[in-house]
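A.B. asks: This is the structure, below, for whatever I ask next.
The values are calculated or read from the model by the stated rules, or taken from the named source; none is laboratory data. This is a predicted model, so every value here is computed, not measured. We place every Cβ from the backbone using ideal geometry, glycine too, and count neighbours over all the protein chains shown. Note: areas computed on protein heavy atoms with side chains; ligands, DNA, RNA excluded. Shrake-Rupley method; radii C 1.70, N 1.55, O 1.52, S 1.80 Å.
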Amino acid sequence: MEIKIIIIGGLPESLINFRGNLIRSFIDEGHDVVAMAGSAKLEIIEEIQKLGCRFVSFPIERNKLNPFSDLKVLLVLYHLLKREKPAIVLSYTIKPIIWGGIATRISCEAHFYGLITGLGFAFQKGGFKRDLLTNLVKFLYRRALSSSNGVIFQNKDNLNEFIIQKIVEEKKTFLVNGSGVDLKFFKKVDFPSRTVFLLIARLLGEKGIREYAVAAKIIKSKYPEVIFQLVGPEDSSPDGINLNEVKKWQQEGIINYLGATTDVRPYIENCSVYVLPSYHEGMPRTVLEAMAMGRPILTTDVPGCRETVENGENGWLVEKANVEQLAERMVWFIENQDQWEIMGQNSHKMANEKFDVHKVNAEIMKIMGLSDEKIV
């Protein structure tokens with residue numbers, strides 16, 4: 001039986017990069033899919049449509065709290081959902097979940113699912129203003145998810161946080177292994193001949209990019225031949241790192257900044273060790289991609305990241321914001337190159353066993369009641 005499914009996200013590109021395989025899975029099962037996100041360039045819209053779905057844009061400011069613009073988002077989503085009459089709505093990231101959840105509740109009888117891909121900047125500890133923001137976001141989450149049919153999490157820590165904060169009832173929570181990784185697209189490759197550390201992330205402080213730069217400076221004073229690469233776009237978040245700061249690291253010979261990319265594979269192929277010193281994640285997609293391509297992982301012992309590493313087996317976990325530990329483990333990788341292949345093999349094996357995108361999507365479809373063609 002064909003049903004209409006609406007997927008609501010923020011960045012149009014994320015519909016391709018993070019939900020593309022899921023959209024294809026829905027369509028392969030014979031469902032009608034409408035993908036919604038912020039305004040997009042024509043080439044992005046065409047890529048989304050190639051997935052087999054329709055694309056509808058709506059006005060959304062991802063990194064700003066503006067009562068007037070947010071109310072506009074709610075009203076636009078209300079009218080779109082009332083017009084489309086979906087059977088299921090699936091939203092991911094903060095604003096699409098909040099306004100999509102509330103709009104669904106007041107506009108139609110669709111089953112609503114929220115996909116929590118990380119707690120984000122608003123949930124991190126800070127001063128008075130940050131606490132106000134956190135309390136507001138929690139309140140809005142409660143309103144949006146109060147009548148949801150399910151809330152899907154990518155790590156146990158985030159799931160428990162929502163239960164402890166009474167944002168969602170435990171009986172409505174589900175856990176999956178991130179967004180998964182396409183093992184046919186991200187294939188295992190040989191190591192380069194030189195030592196290259198790589199970090200791929202939006203230019204945000206909470207990604208641990210500054211710690212990466214400081215650790216790189218420490219390492220290069222002893223091992224000047226070692227290369228530290230950084231790939232990723234600028235971000236308008238309050239936590240964003242100015243491009244001038246990144247260029248300064250490059251001018252000092254610490255970091256090779258390679259800009260943004262739509263295909264991370266060549267960069268992962270040319271690295272020896274993948275690094276992500278993030279403060280928090282849902283489940284870091286780039287880490288999964290690096291694992292699939294057979295790379296050792298150096299990341300932080302925080303929610304989302306810790307699920308990707310078995311210490312000493314496929315990489316190492318270090319304490320968040322601890323430059324000394326980060327640098328120490330970088331030295332370990334430099335001085336134990338015979339372990340790269342072993343750890344890379346273990347990463348690839350873990351990616352196959354736990355993070356195969358087809359297994360993850362099958363689990364999401366089961367949660368949404370789509371695996372046997374009925375909604376439950």
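A.B. asks: Which whole-number percentage describes the relative contact order of the chain, with Cα contacts under 8 Å and a sequence gap of 6 or more? Intermediate values should be presented prior to the final figure.
C.D. replies: Values: 732 pairs, mean separation 53.4, N = 376.
With pairs under 8 Å counted, the relative contact order is 14 percent.
A.B. asks: Also, quick follow-up: Distance cut-off 29 Å, Cα to Cα: go down the list Lys82/Lys359; Lys4/Lys41; Lys72/Lys248; Lys95/Lys172; Lys95/Lys217; Lys129/Lys359 and report the pairs above it.
C.D. replies: Working: Lys82/Lys359 33 Å; Lys4/Lys41 25 Å; Lys72/Lys248 40 Å; Lys95/Lys172 20 Å; Lys95/Lys217 38 Å; Lys129/Lys359 41 Å.
Where the Cα-Cα span goes over 29 Å, the pairs concerned are Lys82/Lys359; Lys72/Lys248; Lys95/Lys217; Lys129/Lys359.
A.B. asks: How large is the charge dipole for the stretch 66-145, taken about the Cα centre, if only the Cβ atoms of Lys, Arg (+1) and Asp, Glu (-1) carry charge, to the nearest 20 debye?
C.D. replies: Dipole of the stretch 66-145, to the nearest 20 debye: 160 debye.
A.B. asks: So which aspartates and glutamates pass the test for Lys171, namely a Cα distance under 18 Å, with those fewer than 8 places away in the same chain ruled out?
C.D. replies: Asp157, Glu161, Glu363
A.B. asks: Can you give the calculated 222 nm mean residue ellipticity of the chain, where each DSSP H run of n ≥ 4 adds -39,500 (n - 2.57) and the sum is split over every residue, rounded to the nearest 500 deg cm²/dmol?
C.D. replies: Result for the chain, helices only: -13000 deg cm²/dmol.
A.B. asks: Separate question: Relative to the present Cα-Cα distance, how much length would full extension add between Asn352 and Ser221 at 0.36 nm per residue of separation?
C.D. replies: 43.4 nm
A.B. asks: Could you work out how far apart the two model spin labels at Asn256 and Leu132 are, taking each label as a point 7 Å from the Cα in the direction of the beta carbon, and quote it in nm?
C.D. replies: If labels sit at Asn256 and Leu132, their model points lie 4.6 nm apart.
A.B. asks: Same structure, new question: Tell me which of Ser272, Gly150, Ile200 sits at the most positive position along the dipole axis of the chain, charges placed on C-beta atoms (Lys, Arg +1; Asp, Glu -1).
C.D. replies: Highest projection toward the positive end goes to Gly150.
A.B. asks: Expressed as a fraction of 2.2 N^0.38 Å, the rule-of-thumb size for a compact globular protein of N residues, what is the C-alpha radius of gyration of the chain?
C.D. replies: That ratio works out to 0.99.
A.B. asks: Hey, another quick one. Separation of the stretch 161-231 and the stretch 262-316 by C-alpha centroid, Å?
C.D. replies: That distance is 5 Å.
A.B. asks: Name the residue from Gly101, Leu75, Pro86 whose Cα lies farthest towards the positive end of the charge dipole of the stretch 71-114, charges +1 on Cβ of Lys and Arg and -1 on Cβ of Asp and Glu.
C.D. replies: Leu75
A.B. asks: If we sort 66-78, 148-160 on the protection proxy, mean other Cβ atoms within 10 Å, highest first, what's the order?
C.D. replies: Working: 66-78: 15.1, 148-160: 21.2.
In descending order of packing, they fall as 148-160, 66-78.
A.B. asks: Additional query: May I ask you to order 327-335, 303-311, 188-196 by the average number of other C-beta atoms within 10 Å around their residues, highest value first? Before the final figure, lay out the partial values.
C.D. replies: Numbers: 327-335: 17.4, 303-311: 21.6, 188-196: 14.4.
Listed from highest to lowest mean packing, they are 303-311, 327-335, 188-196.
A.B. asks: By average Cβ neighbour count within 10 Å, what is the ranking of 223-233, 346-356 from highest down?
C.D. replies: 346-356, 223-233
A.B. asks: I would also like to ask the following. Assign unit charges at the C-beta atoms only (+1 for Lys and Arg, -1 for Asp and Glu), then state the dipole size of the chain relative to its Cα centre in Debye, rounded to the nearest 20.
C.D. replies: Rounded to the nearest 20 debye, it is 1120 debye.
A.B. asks: What percent of all Cα-Cα pairs in the stretch 219-268 falls in each 5 Å bin, counting up from 0?
C.D. replies: Result, from short to long distances: 5, 18, 24, 20, 20, 10, 3, 0 percent.
A.B. asks: Oh, and also: Taking a label point 7 Å from the Cα of Asn336 along the Cα→Cβ vector, which residues of the stretch 187-208 have an amide N closer than 20 Å to it?
C.D. replies: 191-192, 194-198
A.B. asks: Note down the magnitude of the dipole of the stretch 160-307 about its Cα centre, charges +1 on Lys and Arg C-beta and -1 on Asp and Glu C-beta and zero elsewhere, to the nearest 20 debye. Working shown, then result.
C.D. replies: On the way: 19 positive and 19 negative charges, 63 e Å.
Using Cβ point charges on Lys, Arg, Asp and Glu, the stretch 160-307 gives about 300 debye.
A.B. asks: How large, in percent, is the carbon and sulfur part of the accessible surface of the chain at a probe radius of 1.4 Å?
C.D. replies: Numbers: 8480 of 16750 Å².
Heavy-atom surface of the chain belonging to carbon and sulfur, 1.4 Å probe: 51 percent.
A.B. asks: Can you compute the FRET efficiency between Glu319 and Lys85 using 1/(1 + (r/R0)^6), with r the Cβ-Cβ distance and R0 = 56 Å? Round to the nearest 0.05.
C.D. replies: Plugging the Cβ-Cβ distance into 1/(1 + (r/R0)^6) gives 0.65.
A.B. asks: Can you give the accessible area per residue of the chain, in Å², using a 1.4 Å probe?
C.D. replies: 45 Å²
A.B. asks: Tally Lys/Arg at +1 and Asp/Glu at -1 over every other residue whose Cβ is under 11 Å from the Cβ of Glu13; what's the total? List each step's numbers first, then the result.
C.D. replies: Working: positive: Arg19, Lys41; negative: Glu43, Glu47.
Cβ neighbours under 11 Å give a net charge of 0.
A.B. asks: Moving to a separate point now. Just how much of Ser221 is accessible, in Å², when a 1.4 Å probe is used and the result is rounded to the nearest 10?
C.D. replies: Here the residue's solvent-accessible area equals roughly 100 Å².
A.B. asks: What's the FRET efficiency of Asp301 with Lys41 using the Cβ-Cβ distance as r and R₀ = 30 Å, to the nearest 0.05?
C.D. replies: Efficiency computed from Cβ-Cβ geometry: 0.20.
A.B. asks: Name the residues whose placed amide hydrogens come within less than 5 Å of the amide hydrogen of Thr173, ignoring near sequence neighbours (fewer than 5 apart) on the same chain.
C.D. replies: Val151
A.B. asks: Want the number for Glu169 to Lys366: 0.36 nm per residue separation, take away the alpha-carbon distance, what's left?
C.D. replies: Once the chain is fully extended between Glu169 and Lys366, it gains 69.0 nm.
A.B. asks: Stokes-Einstein D for the stretch 1-136 at 4 °C, 1.567 mPa s, Kirkwood Rh over Cα pairs, in µm²/s?
C.D. replies: It comes out at roughly 84 µm²/s.
A.B. asks: Continuing with the same structure: If you take the charge dipole of the chain about its Cα centre, with +1 on Lys and Arg Cβ and -1 on Asp and Glu Cβ, which of Leu183, Tyr223, Ile23 is farthest toward its positive end?
C.D. replies: Highest projection toward the positive end goes to Ile23.
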